1. Once the Cβ-Cβ distance between residue 2 and residue 30 is put in as r, and R0 is 25 Å, what FRET efficiency do you end up with, to the nearest 0.05?
2. How many percent of the alpha carbon pairs in region 1-97 exceed a separation of 20 Å?
3. Rounded to the nearest 0.05, what FRET efficiency do residue 47 and residue 17 have when you use their Cβ-Cβ distance and R0 = 35 Å?
4. Once you sort the root eigenvalues of the Cα gyration tensor of region 4-56 as a ≥ b ≥ c, which label holds: rounded (a/c under 1.5), prolate (a/b larger than b/c) or oblate (the other case)?
5. Once you've got the GNM for the chain with C-alpha springs shorter than 10 Å, pick whichever of 90, 15, 67 has the biggest mean-square fluctuation.
6. For residue 76 and residue 98 in the same chain, what is the full-extension length gain: residue separation times 0.36 nm, less their Cα-Cα distance, in nm?
7. By how many degrees, 0 to 90 and rounded to 10, does the Cα axis of helix 45-64 deviate from the longest principal axis of the chain?
8. Rg/Rh for region 29-76: what does it come to with C-alpha atoms and Rh from Kirkwood?
């Protein structure tokens, strides 16, 4: 097996010959070729849901402009859990999904509630 390191500044290019071969194929032929490749298996519904949830979680955090550590601390989410969610290694339960939806829509309200709760606990 040969090792390959992708250079992000010099991505591989498709040859004119390979492009012509692809252009000559129908969508059905391309799909059949992709499905027959054991290294290119289609994602399961669970994998697709996990990626969608990871992207949404990451987008919510990025809109706040915060790092994972800062976002996790501010909204009292375990930073390891947040990393796992954003990298698609785990899925959110319904409570965390609801909490992220509230953070997405009303981040300042959540901050005020958490600050008030901390003040009364002290």
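1. It comes out at approximately 0.45.
2. In whole percent, the share of Cα-Cα pairs in region 1-97 beyond 20 Å is 61.
3. E between residue 47 and residue 17, to the nearest 0.05, is 0.60.
4. In terms of gyration-tensor shape, oblate.
5. Greatest mean-square fluctuation among the candidates belongs to 15.
6. Roughly 6.5 nm would be gained on extension.
7. 50
8. On the way: Rg = 17.0 Å, Rh = 13.3 Å.
Result: Rg/Rh = 1.28.
Bear in mind these aren't lab numbers, they're just calculated from the coordinates by the rules spelled out. Everything numeric in this text was worked out from a predicted model, so none of it was measured. Note: ideal-geometry Cβ built from the backbone for every residue, glycine included; neighbour counts use all protein chains shown.
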